[in-house]
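Colleague: Mind having a look at this structure? Questions to follow.
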4 protein chains.
Amino acid sequence: MNTSVLLISCPDQPGIVAAVATWVAGVGGNIVHAEQHTDRHDQVFFQRVEFTHADTVTIETLRAGFAALAANWNMEFSLNALPWRPRTAILCSRHLHCVADLLSRTTYGDLGLDVAAVVSNHEDAQKLATSFGHPFFHVPVTDAPGGRAEQEAMLATVLDSLDVDLVILARYMLVLPPAIVTAWSGRMINIHHSFLPAFVGANPYRQAHDRGVKVIGATAHYVSEILDEGPIIAQDVERVSHRDDVADLTRIGRDLETTVLARAVRAHVEHRVLTWNNRTVVFG
Amino acid sequence: MNTSVLLISCPDQPGIVAAVATWVAGVGGNIVHAEQHTDRHDQVFFQRVEFTHADTVTIETLRAGFAALAANWNMEFSLNALPWRPRTAILCSRHLHCVADLLSRTTYGDLGLDVAAVVSNHEDAQKLATSFGHPFFHVPVTDAPGGRAEQEAMLATVLDSLDVDLVILARYMLVLPPAIVTAWSGRMINIHHSFLPAFVGANPYRQAHDRGVKVIGATAHYVSEILDEGPIIAQDVERVSHRDDVADLTRIGRDLETTVLARAVRAHVEHRVLTWNNRTVVFG
Amino acid sequence: MNTSVLLISCPDQPGIVAAVATWVAGVGGNIVHAEQHTDRHDQVFFQRVEFTHADTVTIETLRAGFAALAANWNMEFSLNALPWRPRTAILCSRHLHCVADLLSRTTYGDLGLDVAAVVSNHEDAQKLATSFGHPFFHVPVTDAPGGRAEQEAMLATVLDSLDVDLVILARYMLVLPPAIVTAWSGRMINIHHSFLPAFVGANPYRQAHDRGVKVIGATAHYVSEILDEGPIIAQDVERVSHRDDVADLTRIGRDLETTVLARAVRAHVEHRVLTWNNRTVVFG
Amino acid sequence: MNTSVLLISCPDQPGIVAAVATWVAGVGGNIVHAEQHTDRHDQVFFQRVEFTHADTVTIETLRAGFAALAANWNMEFSLNALPWRPRTAILCSRHLHCVADLLSRTTYGDLGLDVAAVVSNHEDAQKLATSFGHPFFHVPVTDAPGGRAEQEAMLATVLDSLDVDLVILARYMLVLPPAIVTAWSGRMINIHHSFLPAFVGANPYRQAHDRGVKVIGATAHYVSEILDEGPIIAQDVERVSHRDDVADLTRIGRDLETTVLARAVRAHVEHRVLTWNNRTVVFG
């Protein structure tokens, strides 16, 4: 038996669930997980259906078959085989905890990533990437005039040539140019080291310390045109106190960043995320 | 429009979701929330379907109509109108935080309980119950020979005469006799002041302190024949440290107990809980 | 034996701890809790020392005795007897969960408040206050020209006449005039229904929903001149998901608001809070 | 300036804090962190004092100097330089997430371990250890008669020859013989995949699933003679639901295990832990 996963969004209307379930039964499928959500305010319906079916039924056949139903109900949908092992580029700068964590998880089987390369504007991650057997690309910003633009162009080339399905910004500290953001829309996940929307921009742990907050957080989100404003996939927080200076917050925050980023990547890889109105539906 | 809620359990088999959804559509209903769960190990299917329908369709009509479908699929089901405002007896002893919290929530509209009475083996809660306008029954254990049996008999009488749908043990500190437990099976919720199965029985905060744990918890569960072994509905925990003595744990635990008990009661009142194999499915 | 508590802040310098401990020993005191904190960046030292001493030594004697030491070390200090049972005014509007919770806690002994009155711009809390045996003052904003200013004047008069030590804004939804804020500086605690600094101002649950966050929070803080910018005493958060609409967030948030506000009030009443640079040191 | 850390336990008595603070001042030290705790029930006093001092004052001089004071007050104490970089052996079996996490943290500077070797009864971790540049010892249990005893003897030899300060059981799944447990008493930290004392022994996630708990946890503790009964250093938990089968609990638990183990190791390495009465005092 194979497993496939259907993600649907459409205007809410009576009978959708029955129609979808009937279709699945019609292709000999058995629903193993199904979750749905209706946004009442905007009357939009979302559903994730994971089902098993004979391995003689190809994913292309399923997609073609469902397309007719989707047209009738004005649905947007995606239909994919599970497990998905996306070809992935991991970008980082000098903080290595997120990239180390992602590579570790891939190694011991916690995350099913096919890591195409680690890419960084610094050389710090080179040894780590090599230890885990992955290519490393150093794409530095030089001091030459136009150095930043040159770096961005080179980065775009590297990402294109790697032909990846997913880009993870694992504490990559440079703002990306709009062209790259647009090219990877919905396929680029960033970890920000605050509970957004608090403390956007640079040095969030410094900002958190200066404001005297009693919790710090981390936020994983799809990257969009406006910095730190993309759809949030996962967030978590940890309590802190007056005893924690900026260095303590930074250290405590590392565990938040790694676990929140991994949670978001897993949700994406398992086709659990729908975005809509700059928000996400993340099916559990 | 009226709202009704359907709770189903049956052997897992292809086509159930389609059959239920088709039935809802057939009575002119629109599904507003649906969640399902399949226990893979035992091949059991569970579903909660909340749907709106014309107020001309009575709950009795719906039940009669669904019964035929249920028979075909070997389903156990319940079908009820929302909101449900169960007639409720709250039992307590000397600790008043849970009963105070439940009465407060009822007063400001957080919980939809129809409080029939507060019942206690001590008089401490009398003033509180009266302040909130509820009857109070004092059912003490006397020192006379057979005092405990007499108390249990009187308690059974009081509960019967109150004709309640739900009994909440809000820190009621006496073990109930089997006859009462059986009579209210699936309709009696207890709060235990530990993260069960750790620290069953008496003085769990003392036990927690002596073991030196770094988290304490509270557990709300349906009462069953074996003490502290019933199906768990809700649990939560809070971090503690060496600084917290038994009195501190007791104080910190109060907030856990009130919120966990309220969460469990709400789930029950909204028909979100199915029990099976001494475990619960709690739909979100 | 009596218990007293000393709160100190001063420039950091070697020997402070020894000097304070020696002074306590000198008055026959025994330290039962001591916690200190040094802000390295600004070189400021903070300490809380709780000590027992003979009941023949009055708090006035202790204060006079410590004053000389404090002058030598350039300390600001407060020295108070425990337990403190501050005369308290609770202000609220239409949401009653926080005021109900505070009154419940006072009743069953969780919080040691001497509730002078409940004050509100609406009548909703009247019955609740009366049930718990507390005076209620209705200070409404009328539609008459100048109605708001008149309300503010009346409120100031009520607070003054109540002669309270502490004002708790338990979901009081009107912004207070500077004169009142200044008069109760450091003695007025507000609960804001977001994890500040995210979602300042009105309708934070609506804002949180629209941003699509995966955690919501509550913040208790001293009220200062700038709305929602005062020193944070306590914060906590709860995970939420796409399933939670604004009404759900509001309901989930109630438990956060009550527990966070109670935690802040307790810290204040137990003389655990020092404020400095718009931040707090909250000793555990 | 150097930094040293003093850990003290002794019978509670007035004047201790002053005596210690005076001694620190006397050696030209400046206290940068100090935390104390008194167990009221047993009248035992605990303190951790971190202080800076001239680098011309050696740790040996400090120890010799403090010994006289300690004798007067009947203190047990340790006095060590910070940072400490303990020579460490990491033991594991087939689950690699904890060892991978510890090695990652060491690499990017989160934990200051001097990893002497990774040791395992299986070969799975060999590649990982080698990737990070650490020796690997394979100490398997053979099927030969006496294979287990032979393995235990070889393990003892390996640990002795490595001359380590600390042994971390990072999901090492064999019960250790008493001789090894005794030899490394107070210097061997284990991670157990439940919130002890719930679910001792084998397959705690299976046990947790069968009991239907709504939270799972992990516990890091010093290893003692009785399995899973040693002093608890750190614990944390995560909420789960009926949707999570044993495989899900195992996956969710991995993040708990890695972060809780790392937290405990850090506390040990920073000399923050005192054990007493099979409990710990962990200074923050």
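The values are calculated or read from the model by the stated rules, or taken from the named source; none is laboratory data. Nothing here was measured: the structure is a model prediction, and the numbers come from that model. Cβ coordinates were reconstructed from backbone atoms using ideal geometry, including for glycine residues, and neighbour counts include every protein chain displayed. For the accessible areas, the whole protein counts, side chains as well, though only heavy atoms, and no ligand, DNA or RNA atoms are used. Shrake-Rupley method; radii C 1.70, N 1.55, O 1.52, S 1.80 Å.
Colleague: Once Rh for chain C is found with the Kirkwood sum over Cα pairs, what is the Stokes-Einstein diffusion coefficient at 20 °C and 1.002 mPa s, in µm²/s? List each step's numbers first, then the result.
Modeller: On the way: Rh = 20.5 Å.
Rounded, D is 105 µm²/s.
Colleague: Given chain B, what percent of its DSSP beta bridges are antiparallel, to the nearest 5?
Modeller: Antiparallel bridges: around 70 percent, rounded to the nearest 5.
Colleague: Where the label is 7 Å out from Cα toward Cβ, how close does D:PRO14 come to the same position in every other copy, in nm, shortest first?
Modeller: Result, one decimal in nm: 2.9, 8.2, 8.4.
Colleague: Please state the shape class of the range A:2-82: rounded when a/c is under 1.5, otherwise prolate if a/b exceeds b/c and oblate if not, all from the C-alpha gyration tensor.
Modeller: Taking the square roots of the gyration eigenvalues as a ≥ b ≥ c, the range A:2-82 is prolate.
Colleague: Name the chain D residue with the Cβ nearest the axis that maps D onto A: which is it, and what is the distance in angstrom?
Modeller: So the closest residue, with its distance, comes out as D:SER131, 2.
Colleague: For C:GLY186, place a label point 7 Å out from Cα along the Cα→Cβ vector, do the same in each other copy, and report the separations in nm, one decimal, smallest first.
Modeller: Result, one decimal in nm: 4.5, 5.7, 6.1.
Colleague: Which entries in the list B:LYS127/C:LYS127; A:LYS214/C:LYS214; B:LYS127/D:LYS214; B:LYS214/D:LYS214; B:LYS127/B:LYS214; A:LYS127/D:LYS127 go over 25 Å, if you measure between the two C-alpha atoms of each? Let's see the in-between values first.
Modeller: Values: B:LYS127/C:LYS127 15 Å; A:LYS214/C:LYS214 18 Å; B:LYS127/D:LYS214 35 Å; B:LYS214/D:LYS214 18 Å; B:LYS127/B:LYS214 36 Å; A:LYS127/D:LYS127 15 Å.
With Cα atoms farther than 25 Å apart: B:LYS127/D:LYS214; B:LYS127/B:LYS214.
Colleague: Can you tell me how the range D:31-129 classifies by the Cα gyration tensor, rounded, prolate or oblate, using a/c under 1.5 as the rounded cut?
Modeller: Details: a/c = 2.85, a/b = 2.01, b/c = 1.42.
Cα axes put the range D:31-129 in the prolate bin.
Colleague: Could you give the spread of the C-alpha atoms of the range B:142-192 along their three principal axes, from largest to smallest, in whole angstroms?
Modeller: 32, 26, 16
Colleague: So, one more: Compute the Kirkwood hydrodynamic radius of the protein assembly as shown, taking the inverse of the mean of 1/r over all pairs of distinct Cα atoms, and give it in Å to one decimal.
Modeller: 32.3 Å
Colleague: Further question: Where in the range D:1-20 does the label zone of C:TRP73 land, with the point 7 angstrom along Cα→C-beta and an amide N cut-off under 16 Å?
Modeller: Residues D:15-20 qualify, since their backbone N sits under 16 Å from the label point.
Colleague: Which distances, in nm and shortest first, link the B:ALA67 label point to the same label point in every other copy, taking 7 Å along Cα→Cβ?
Modeller: Distances between equivalent label points, in nm: 4.8, 8.6, 8.9.
Colleague: Could you do me a favour and compute the accessible area per residue for chain A, 1.4 Å probe, result in Å²?
Modeller: 38 Å²
Colleague: Within chain D, which is the longest segment containing none of the trypsin sites (Lys or Arg not before Pro) that sit in a DSSP loop and have at most 13 other Cβ atoms within 10 Å?
Modeller: D:95-284
Colleague: If you don't mind, there's one more thing I want to ask. Please compute the contact order of the range C:87-282 in relative form: average sequence separation of alpha-carbon pairs under 8 Å and at least six residues apart, divided by the residue count, as a percent.
Modeller: 18 percent
Colleague: I've got another one for you. In chain B, what percent of the accessible surface is made up of carbon and sulfur (1.4 Å probe, ligands and nucleic acids excluded)?
Modeller: Carbon with sulfur: 52 percent of the solvent-accessible area.
Colleague: Defining a contact as two alpha carbons under 8 Å apart and six or more residues distant in sequence, what relative contact order in percent does the range A:1-60 show?
Modeller: With pairs under 8 Å counted, the relative contact order is 49 percent.
Colleague: Here is a follow-up. Calculate, axis by axis, the spread of Cα positions in the range C:132-284 along the three principal axes, and write the results as whole Å, longest axis first.
Modeller: 46, 42, 35
Colleague: How many Cβ atoms of partner chains, on average, are near each residue of B:23-29 if near means within 10 Å of its Cβ?
Modeller: 2
Colleague: Express as a percent, rounded to the nearest 5, the fraction of DSSP beta bridges in the protein assembly as shown (both residues included) that run antiparallel.
Modeller: Percentage antiparallel, nearest 5: 70.
Colleague: Let me ask something else about it. Return the percentage of antiparallel bridges among DSSP beta bridges fully within the range B:1-143, rounded to the nearest 5 %.
Modeller: 75 percent
Colleague: Another question about this same structure. Roughly how large is the B-D contact in terms of buried accessible area, totalled over both chains, probe 1.4 Å, nearest 100 Å²?
Modeller: Values: alone 13800 and 13800 Å², together 24750 Å².
Separately minus together, B and D give about 2900 Å² buried.
Colleague: Got the relative contact order for the range B:1-111 handy, in percent, Cα pairs under 8 Å and 6 or more residues apart?
Modeller: Once normalised by length, the contact order is 35 percent.
Colleague: Name the GluC sites (Glu not before Pro) in the range B:187-284 that are in a loop by DSSP and that have at most 12 other C-beta atoms within 10 Å, would you?
Modeller: Within the range B:187-284, the qualifying GluC sites (Glu not before Pro) (loop, at most 12 other Cβ atoms within 10 Å) are B:GLU225.
Colleague: Can you compute the FRET efficiency between A:ASP12 and D:GLU238 using 1/(1 + (r/R0)^6), with r the Cβ-Cβ distance and R0 = 35 Å? Round to the nearest 0.05.
Modeller: Details: r = 33 Å, r/R0 = 0.94.
The formula returns an efficiency of 0.60 here.
Colleague: While we're on this one: Roughly how much of A:MET154 is accessible, in Å² to the nearest 10, using a 1.4 Å probe?
Modeller: About 90 Å², rounded to the nearest 10.
Colleague: Further, regarding this structure: Which positions within the range B:90-114 get 20 Å² or more of their accessible surface covered by the other protein chains, compared to the chain by itself, with a 1.4 angstrom probe?
Modeller: When all protein chains are present, B:LEU96, B:HIS97, B:ALA100, B:SER104, B:ARG105, B:THR107, B:TYR108, B:ASP110 each give up 20 Å² or more of accessible surface.
Colleague: Here's something else I'd like to know. Within the range D:41-138, which GluC sites (Glu not before Pro) sit in a loop by DSSP and count at most 15 neighbouring Cβ atoms inside 10 Å?
Modeller: D:GLU123
Colleague: Once you have a ≥ b ≥ c as the square roots of the Cα gyration tensor eigenvalues for the range C:27-73, tell me rounded if a/c is under 1.5, and otherwise prolate or oblate according to whether a/b is larger than b/c. Mind dumping the intermediate values first?
Modeller: On the way: a/c = 3.96, a/b = 1.67, b/c = 2.38.
Oblate shape, in that a/c is at least 1.5 and b/c is the bigger or equal ratio.
Colleague: On to the next question. Count the net charge of all other residues whose Cβ sits under 14 Å from the Cβ of C:PRO140, scoring Lys and Arg as +1 and Asp and Glu as -1.
Modeller: -3
Colleague: Also, I was wondering about something else. Under a no-solvent Debye model with one identical scatterer per Cα of the range B:55-183, what's log10 I(q)/I(0) at q = 0.09, 0.22 Å⁻¹?
Modeller: Computed log10 I(q)/I(0) values: -0.37, -1.24.
Colleague: Net charge within 11 Å of D:ALA198 by Cβ-Cβ distance, Lys/Arg positive one each and Asp/Glu negative one each, not counting D:ALA198 itself?
Modeller: Details: positive: B:ARG211, D:ARG211; negative: D:ASP228.
Computed value for this residue: +1.
Colleague: If you don't mind, another one. Show me, for the range D:222-229, the HN-Hα J-couplings you get by feeding each phi into the Karplus relation (A = 6.51, B = -1.76, C = 1.60, θ = phi - 60°), rounded to Hz, glycine and proline as x.
Modeller: After applying 6.51 cos²θ - 1.76 cosθ + 1.60, I find 5, 7, 10, 4, 8, 3, 6, 10 Hz.
Colleague: Estimate the FRET efficiency between B:ARG187 and D:ALA179 by the formula 1/(1 + (r/R0)^6), using the beta-carbon distance for r and 56 Å for R0, to the nearest 0.05.
Modeller: E(calc), rounded to 0.05, equals 0.50.
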